[in-house]
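Here the structure comes first, spelled out in structure tokens, and everything after it is commentary.
The values are calculated or read from the model by the stated rules, or taken from the named source; none is laboratory data. Nothing here was measured: the structure is a model prediction, and the numbers come from that model. Here Cβ is always computed from backbone atoms with ideal geometry, including for glycine, and neighbour counts include all displayed protein chains.
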Amino acid sequence: PPREPYAFGRATTGSCRRALERRSRLLPYMYTLFHEAHLTGVPVLRPLFFQDPADASLRSVYTTFTMGDGLLVSFSSTDQPPSPVTPGNAEWHAFFFPGEQNDAHLPLLHIKSGHIIPTGPVRQHVDEKPQGPIMLLIALDRDGLAEGSLYEDSGDGHEHAIAQQYLLTRYAARLDTDKKIVRVSMTHEGAMPRPSRPLLIHLITTAGAWHGQALDGHE
């Protein structure tokens, strides 16, 4: 029998397309996590008890896991909607990429307070060089701070190790309460030139979301 998404109707095709687009947008974050895994051995996808090993109840949670330390993924294997389990004392903020909010078939995503998640534009395949901006998903903690990293290289070969042809950018965000603005600063390492591109800021809070724009490499 046919297994192509379009064989199951328009709704299934739409959900599959949105899932693939979500994966594409998260590729910068995923690539950064694989770099971290290469250096430390910490897995990219982590069982929930990694957040709080002392909490024995988290060891039996199978429908919620984290991607890295900052992104919570919740799914359901039945017709019922996902029931996310949010561990620890941190705040977790739900968010959706464009077009996802009314799709009940997609896993739910939550970003952990204090984290910055780098995302990119939708690609047709993983080898396509993205031409669009980097978007930072920022969830400030109770002190008005957040941080995150973005690792980039050519995607092929060994020049990142031989000639330091990579770019590791560490972003830090802080809330300036006097001016009521969020400042994003960065440090970097590696010899790869920084691409000239816009930097989109998507600030996620319990009260809603705010958007801003800058040039990558500038505060």
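Of all residues in the range 174-196 being assigned to a strand (DSSP E or B) and touching a residue at least 40 places away in the same chain (Cβ under 8 Å), which is nearest to Gly132 (Cα to Cα)? That would be Val184.
For the range 197-211, filtered to residues that are assigned to a strand (DSSP E or B) and free of Cβ contacts under 8 Å to residues at least 40 places away in the same chain, the residue that is surrounded by the most Cβ atoms within 10 Å (Cβ to Cβ) is Trp210. The one condition from (1) closer than 30 Å to Arg10 by Cα; (2) in contact with a Pro (Cβ under 7 Å, 6 or more places away or on another chain) that Leu48 does not meet is (1). Within the span defined as the range 77-91, every residue fails to be under 29 Å from Glu147 (Cβ atoms), outside any loop (DSSP other than H, G, I, E, B) and of a type in the set (A, V, I, L, M, F, W, C).
For every residue, the table says whether it meets (1) under 30 Å from Trp210 (Cβ atoms); (2) modelled with pLDDT of 95 or more.
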| site | (1), (2) |
| --- | --- |
| Val44 | yes, yes |
| Ala54 | no, no |
| Ser60 | no, no |
| Leu72 | yes, yes |
| Gly88 | yes, no |
| Glu100 | yes, no |
| His105 | yes, no |
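Counting only residues that are in a helix (DSSP H, G or I) and not basic (Lys, Arg), the range 23-70 holds 22 of them. When Leu140, Leu106, Leu136 are screened for being surrounded by 15 or more Cβ atoms within 10 Å (Cβ to Cβ), in contact (Cβ under 8 Å) with a residue 60 or more places away in the chain and in contact with a helix residue (DSSP H, G or I) (Cβ under 7 Å, 6 or more places away or on another chain), only Leu106 passes. State whether one or more residues within the range 62-69 are on the phi < 0 side of the Ramachandran plot, surrounded by fewer than 15 Cβ atoms within 10 Å (Cβ to Cβ), touching a residue at least 12 places away in the same chain (Cβ under 8 Å) and more than 18 Å from the chain's Cα centre (by Cα). Looking for residues that are on the phi < 0 side of the Ramachandran plot, surrounded by fewer than 15 Cβ atoms within 10 Å (Cβ to Cβ), touching a residue at least 12 places away in the same chain (Cβ under 8 Å) and more than 18 Å from the chain's Cα centre (by Cα), one finds none in the range 62-69, hence no. Tell me, yes or no, whether the range 42-58 has at least one residue that is over 19 Å from Glu91 (Cβ atoms), surrounded by 18 or more Cβ atoms within 10 Å (Cβ to Cβ) and small (Gly, Ala, Ser). Looking through the range 42-58, none of the residues is over 19 Å from Glu91 (Cβ atoms), surrounded by 18 or more Cβ atoms within 10 Å (Cβ to Cβ) and small (Gly, Ala, Ser). Please determine whether any residue of the range 23-38 is under 22 Å from the mean Cα position of the chain (by Cα) and more than 26 Å from Leu200 (Cα to Cα). The answer is yes; a qualifying residue exists.
Considering Leu203, Leu168, the condition of being at pLDDT 85 or above, out of contact with any Gly (no Cβ under 6 Å at 6 or more places or on another chain) and among the aliphatic types (A, V, I, L, M) is satisfied by Leu203 alone.
Screening the range 147-162 for residues that are at pLDDT below 90 and among the aliphatic types (A, V, I, L, M) and picking the one that is farthest from Pro133 (Cα to Cα) gives Ile162.
Please determine, by comparing only the residues of the range 1-18 that are among the charged types (D, E, K, R) and part of a loop (DSSP other than H, G, I, E, B), which one is surrounded by the most Cβ atoms within 10 Å (Cβ to Cβ). The extreme case among them is Glu4.
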